[in-house]
Amino acid sequence: MKYYYFHGYGSSPSACKAEAMREILGAENVSAPDFNVSPEEASDLFDKLIEEISSSNEEVCIVGSSLGGLYALYVATKANCKAVLLNPALVPMVIVPKVTDEVPVSAVVIAQKLSLYTYEHYNIENISVWVTDDPLINHNALTKPYFYKGVKEYIEFDTDTASGHEFIGFKNVFEKYIKNHK
């Protein structure tokens, strides 16, 4: 299985979650695109990734964190592959202004369009959602209702297992996931 890691706003392809995935799966099995680009470049990158994943003969799983969770959901929906969403920021118009006022409105609008598309078209069987005690995202108000059709799995981790918006404890949780899904 090929894995992709989609980082969140202000993070990077070398984030600790991406590094944990590389350590667990081997660097050759994990691709982590850089989303620190303009909205237009991000849109082109989505198209490229959708084409790459759709034409792959390998099974694919995208792991996306925060805003990367929304991106992962969009690409997984379009490419019909699996996704694991970590504290996903699925409602950008609510989340992004809490984080920064420096994000261009065009970026928020594009993210909102992705959100609206995936809200109607995601495949229940492909989506796993993992949430923690996130101080940034109220998952009861923003995440659970988003998945009105349901998902393959929705896991709320206790603070002893994983915590915070950064998903501290991800490496151990992901390693158990991989062992259970091989």
> Among (1) in a loop (DSSP other than H, G, I, E, B); (2) out of contact with any Lys or Arg (no Cβ under 9 Å at 6 or more places or on another chain); (3) not β-branched (Val, Ile, Thr), where does PRO33 come up short?
Replying inline: (2)
> How many residues are crowded, with 24+ Cβ neighbours inside 10 Å and among the polar types (S, T, N, Q) if we restrict to the range 52-97?
Replying inline: 3
>> Looking for something farther than 26 Å from GLY164 by Cα and either among the β-branched types (Val, Ile, Thr) or touching a residue at least 60 places away in the same chain (Cβ under 8 Å) (or both) - is there at least one such residue anywhere in the range 61-71?
In response: no
>> Being of a type in the set (D, E, K, R) and closer than 25 Å to TYR154 by Cα narrows it down to one residue among LYS17, LYS48; which is it?
In response: LYS17
> Across the range 119-172, which residue is farthest from ALA20 (Cα to Cα) among those that are among the β-branched types (Val, Ile, Thr) and free of Cβ contacts under 8 Å to residues at least 40 places away in the same chain?
Replying inline: ILE124
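What residue, among those in the range 137-153 that are surrounded by 14 or more Cβ atoms within 10 Å (Cβ to Cβ) and touching a helix residue (DSSP H, G or I) at 6+ places or on another chain (Cβ under 7 Å), is nearest to ASN87 (Cα to Cα)? Walk me through how you get there before you give the answer.
Just the residues of the range 137-153 that are surrounded by 14 or more Cβ atoms within 10 Å (Cβ to Cβ), to begin with: 137, 139, 142-144, 146-147, 151-152.
Applying the additional criterion that residues be touching a helix residue (DSSP H, G or I) at 6+ places or on another chain (Cβ under 7 Å) yields 137, 142, 146, 151-152.
On the way: ILE137: 7, LEU142: 10, TYR146: 13, VAL151: 14, LYS152: 16 Å.
Here the answer is ILE137.
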> How about the range 162-179: which of its residues are surrounded by 14 or more Cβ atoms within 10 Å (Cβ to Cβ) and either assigned to a loop (DSSP other than H, G, I, E, B) or of a type in the set (D, E, K, R) (or both)?
Replying inline: ALA162, GLY164, HIS165, GLU166, PHE167, GLY169, LYS171, GLU175
>> The conditions are (1) in contact with a Leu (Cβ under 7 Å, 6 or more places away or on another chain); (2) assigned to a loop (DSSP other than H, G, I, E, B); (3) under 27 Å from LYS179 (Cβ atoms); (4) not charged (D, E, K, R), and SER56 fails exactly one of them. Which is it?
In response: (1)
> So which residues in the range 4-52 are over 19 Å from LEU90 (Cβ atoms), touching a strand residue (DSSP E or B) at 6+ places or on another chain (Cβ under 7 Å) and touching a residue at least 40 places away in the same chain (Cβ under 8 Å), if there are any at all?
Replying inline: MET21, LEU25
> With VAL37, VAL91, VAL30, VAL60 as the choices, which residue is more than 15 Å from VAL129 (Cβ to Cβ), among the β-branched types (Val, Ile, Thr) and at pLDDT below 95?
Replying inline: VAL37
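The values are calculated or read from the model by the stated rules, or taken from the named source; none is laboratory data. Because the structure is predicted, anything quoted here is derived from the model rather than measured. FYI the Cβ positions are ideal-geometry reconstructions off the backbone, even for glycines, and counts take in every protein chain you see.
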